[in-house]
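Chemist: Sharing a structure, written as structure tokens. Questions coming.
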Amino acid sequence: MIPGSVLFQASGEPPFGNEAILDVLFGLLPGNGYDIADNVRWFEGELPADLLPVAQDPGGNPVCLSIRGPRPGHFWDHNGARFGRDNDESVSPVADGWGAFLGILRRE
């Protein structure tokens, strides 16, 4: 968990405006709810298959890295279907990779 508010700008039109909060960076400790593998299983069938959840906002929306294909880092609105969007339409670009993502993080 990240103490305080860590914000990031997203390009495009994210579901909650153009700024989001980073709440949790996922790790490699199975069974604690914040493990990357646990989150891959949790979002299986919903999250586009080329995206790997690596973090989340306070609402449980994951920040993802592309694991194949041309996508950079992305923010995925897991409630997109409520707003008439399919899973791919609920993806908003954030950064061109992990290093670029870390570079756009800022404390409130």
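Chemist: Between Asp57 and residues 5 or more places away or on another chain, which pairs have amide H atoms under 5 Å apart, with H built 1.01 Å from N, and which residues are they?
Modeler: Counting only residues 5 or more places away or on other chains, the set is Asp23, Val63.
Chemist: Taking 0.36 nm per residue of separation and subtracting the Cα-Cα distance, what length does fully extending Asp35 through Arg107 add?
Modeler: 23.5 nm
No lab work stands behind these numbers, since they all come straight from the coordinates. Being a predicted model, the structure only gives us computed values, none of them experimental.
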